[in-house]
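Heads up: the structure comes next, in structure tokens.
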Amino acid sequence: MKKIPTLLIAASAVLSMAACSGRTSEHSNDTAEPAANMSETDDSSSNSETGSYVTPDEEGLAQGLVGDTMRTAWFDFTVNSVLDCGSEYEGYTCAAGNKLLLLNLTIVNTYEETNPMGEGDFMLIWGSEDNDHAFPVQNASIQADSVLPDEYDMQPGDEVTGDLLFEVPASINDYGFYYFEIDNEETVHDSFVVYFASGFDRIAAVSSETITGVPGDVMSTYWFDFTVTNVSLCAEYNGSVPSEGKTFLEVDLTLKNTISSAVPMYKSDFDVEWDATDSYEIPFYVSADGTEVTENSFHLEEGSTLPVVMVFKVDEGYDTYTIYFDETFADGSTGNVYEVILSPERQ
């Protein structure tokens, strides 16, 4: 079957796009549910090291993340990374209020015939309105050999890796990279979407590591850097006294926004643990830049560095405590865990 990219059909499918924004703490009650069908195993060969593919569910929708290999009827494709280029890339400048996203992808022709490929095969979608989408910038406008041609043929078994450049609104951070199976009769079959968030340097497949530091170390998360600048135990805080067997742990941090948009922060983003039974507490008091945070959330504005004070009610009698930040994404996937070992002194 020949593939025909049809904007009308593709735009009508936008309404089924799953939400992909925000983030939650691992210990928070509002952690997003994982996206369905994030990986399935196929016994046939693949360009991926694991032989694992994302295939459509019963409703004909396949959902993946950066680094996942999506298996369509004609080819496999993998979004390897995403680069936020700002307003200019290799001779192409976007309109005011927009930004450029460079997606690197690998495509493998798994069909027994020649596959005609083109810049209209893939699109970015970010909302539910008819114009909330973008096709790649045409190759002729970009002075870069890495950008895929506007049209090319892939022979059976061929593999190609290259870039696609998209011009999108600068105010949007969450996207779906879509491919729709459409035949000669313009019938839509299965749909494939790779979710990602923009605003970062290069986004590769999400890692899953535990990164350990001590006060003074800069901990670089997906959205921001944080540094513990001071830590102490105290028997009283702002007139409050802990219950028997408890004490207050004050942790002073510096947060630095490292992406190109504001970062929503939550009181539950950080927690402190102190023994092997997984005892933990989220802060009961938070102040940002000297002002108490009375709601559950506050914002770390683009380009800003913010001093933050967090106070936790913890068990007495421990020499060390650990403060944690867990990368948890809106689709339920998890990234790195950041832990800072604290050895506080009592005031």
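General remarks:
- Residue within region 64-79 that is aromatic (Phe, Trp, Tyr) and either touching a Cys at 6+ places or on another chain (Cβ under 8 Å) or assigned to a loop (DSSP other than H, G, I, E, B) (or both) present: yes
- Screening LEU255 against (1) at pLDDT below 90; (2) buried (at least 19 other Cβ atoms within 10 Å of the Cβ); (3) outside the structural domain of ASN104 (by TED's automatic domain parsing); (4) of a type in the set (A, V, I, L, M, F, W, C) leaves a single unmet condition, (1).
- Members of region 70-96 that are of a type outside the set (Lys, Arg), crowded, with 17+ Cβ neighbours inside 10 Å and over 17 Å from the mean Cα position of the chain (by Cα): MET70, THR72, TRP74, PHE75, ASP76, PHE77, TYR89, TYR92, CYS94
- Within region 139-174, considering residues that are at pLDDT 90 or above and small (Gly, Ala, Ser), the one surrounded by the most Cβ atoms within 10 Å (Cβ to Cβ): GLY162
- Scanning region 308-323 for residues that are touching a residue at least 60 places away in the same chain (Cβ under 8 Å) and under 19 Å from VAL228 (Cα atoms) yields MET310, VAL311, PHE312, LYS313, VAL314, TYR321, ILE323.
- Residues within region 217-259 that are within 17 Å of LEU306 (Cβ to Cβ) and either part of a strand (DSSP E or B) or among the polar types (S, T, N, Q) (or both), tallied: 19
- If you go through region 175-199 and keep only what is in a strand (DSSP E or B), surrounded by fewer than 17 Cβ atoms within 10 Å (Cβ to Cβ) and not β-branched (Val, Ile, Thr), you end up with just HIS189.
- Some residue of region 293-306 being without any contact (Cβ under 8 Å) to a residue 24 or more places away in the chain and part of a loop (DSSP other than H, G, I, E, B): yes
- Tally, over region 110-167, of residues that are in a loop (DSSP other than H, G, I, E, B), under 16 Å from TYR92 (Cβ atoms) and either of a type in the set (S, T, N, Q) or not assigned by TED's automatic domain parsing to the domain that holds THR93 (or both): 3
- Pair list, Cβ < 8 Å and 6+ apart or interchain, from region 103-128 residues that are over 17 Å from THR161 (Cα atoms) to residues that are among the acidic types (Asp, Glu) and at pLDDT below 90: ILE125/ASP132; TRP126/ASP132; TRP126/ASP174
- Residue match in region 188-197 (condition: within 17 Å of LEU103 (Cβ to Cβ), more than 24 Å from the chain's Cα centre (by Cα), modelled with pLDDT of 80 or more and not acidic (Asp, Glu)): no
- Among the residues of region 291-341, those that are among the charged types (D, E, K, R) and more than 25 Å from TYR195 (Cβ to Cβ) comprise GLU292, GLU295, LYS313, ASP315, GLU316, ASP319, GLU339.
- Test: residue in region 308-322 that is modelled with pLDDT under 90, within 27 Å of the chain's Cα centre (by Cα) and surrounded by fewer than 18 Cβ atoms within 10 Å (Cβ to Cβ): no
- Criterion applied to VAL286, VAL311 was being part of a strand (DSSP E or B) and in contact with a Leu (Cβ under 8 Å, 6 or more places away or on another chain), and the one residue passing it is VAL311.
- Residues in region 110-132 that are under 27 Å from the mean Cα position of the chain (by Cα) and either hydrophobic (A, V, I, L, M, F, W, C) or buried (at least 20 other Cβ atoms within 10 Å of the Cβ) (or both): GLU119, ASP121, PHE122, MET123, LEU124, ILE125, TRP126.
The values are calculated or read from the model by the stated rules, or taken from the named source; none is laboratory data. None of the values given here were measured: they were computed from a predicted structure. Glycine also receives a Cβ, built like all others from the backbone with ideal geometry; neighbour counts cover every protein chain displayed.
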